[in-house]
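Peer 1: Below is a structure I'd like to ask you about.
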Amino acid sequence: MNTLLKKLEWSSYRQGPGSGIMSSGGDGPMVQCCPCCKGINPADKNADDFIQEVIGHRKDCELNESINSDDDQIIKELRKIRESIKE
């Protein structure tokens, strides 16, 4: 289970700051990020374009918590999510 979650960890993308005045312009590079908390992958080659606070997972990131927990806890959490979707 953790292997699958690890593959998802940096599977999303967001745009970096633009090159215009005060980072405007909307032409910033696409960088890898967490699909849950949108934290920037520290290994991304453009991570240095961002302030330190947005690099890596946020403190309350559920995906990061799941990756670092044991399989039994992950299964319980996934069941809770599935049940909430059914409602």
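Peer 1: With the contact rule set at Cα under 8 Å and sequence spacing of 6 or more, what percent relative contact order holds for the chain?
Peer 2: 24
Peer 1: If one takes the longest principal axis of the Cα atoms in the chain, at what angle in degrees, from 0 to 90 and to the nearest 10, does the Cα axis of helix 71-86 lie?
Peer 2: With rounding to tens, the tilt is 80 degrees.
Peer 1: On to the next question. Read through the labelled values (i) -0.63, -1.07; (ii) -0.69, -1.13; (iii) -0.62, -1.21 and report the label of the one computed as log10 I(q)/I(0) by the Debye sum over Cα atoms at q = 0.16, 0.24 Å⁻¹ from the structure.
Peer 2: Label (ii) holds the value from this structure.
Peer 1: Multiply the residue gap between S69 and K45 by 0.36 nm, knock off their C-alpha separation, and tell me the result in nm, one decimal place.
Peer 2: Extra length from S69 to K45 when fully extended: 5.8 nm.
Peer 1: Give me the extension gain from K38 to R14: residue separation times 0.36 nm, minus the current Cα-Cα distance, reported in nm with one decimal.
Peer 2: Between K38 and R14, full extension yields 7.9 nm more.
Peer 1: Next question. Placing +1 on the Cβ of each Lys and Arg and -1 on the Cβ of each Asp and Glu in the chain, which of G18, C36, L78 has its Cα farthest towards the positive end of the resulting dipole?
Peer 2: Checking the options against the dipole of the chain, the answer is L78.
Peer 1: To the nearest 500 deg cm²/dmol, what mean residue ellipticity at 222 nm is calculated for the chain from DSSP H runs of n ≥ 4 alone, each contributing -39,500 (n - 2.57), summed and divided by the residues?
Peer 2: -9500 deg cm²/dmol
Peer 1: Nearest 20 debye, what's the magnitude of the dipole of the range 2-86 about its Cα centre given +1 on Lys and Arg Cβ and -1 on Asp and Glu Cβ?
Peer 2: For this selection, approximately 320 debye.
A short reminder: the numbers here are calculations on the coordinates, not readings from a lab. Being a predicted model, the structure only gives us computed values, none of them experimental. Glycine also receives a Cβ, built like all others from the backbone with ideal geometry; neighbour counts cover every protein chain displayed.
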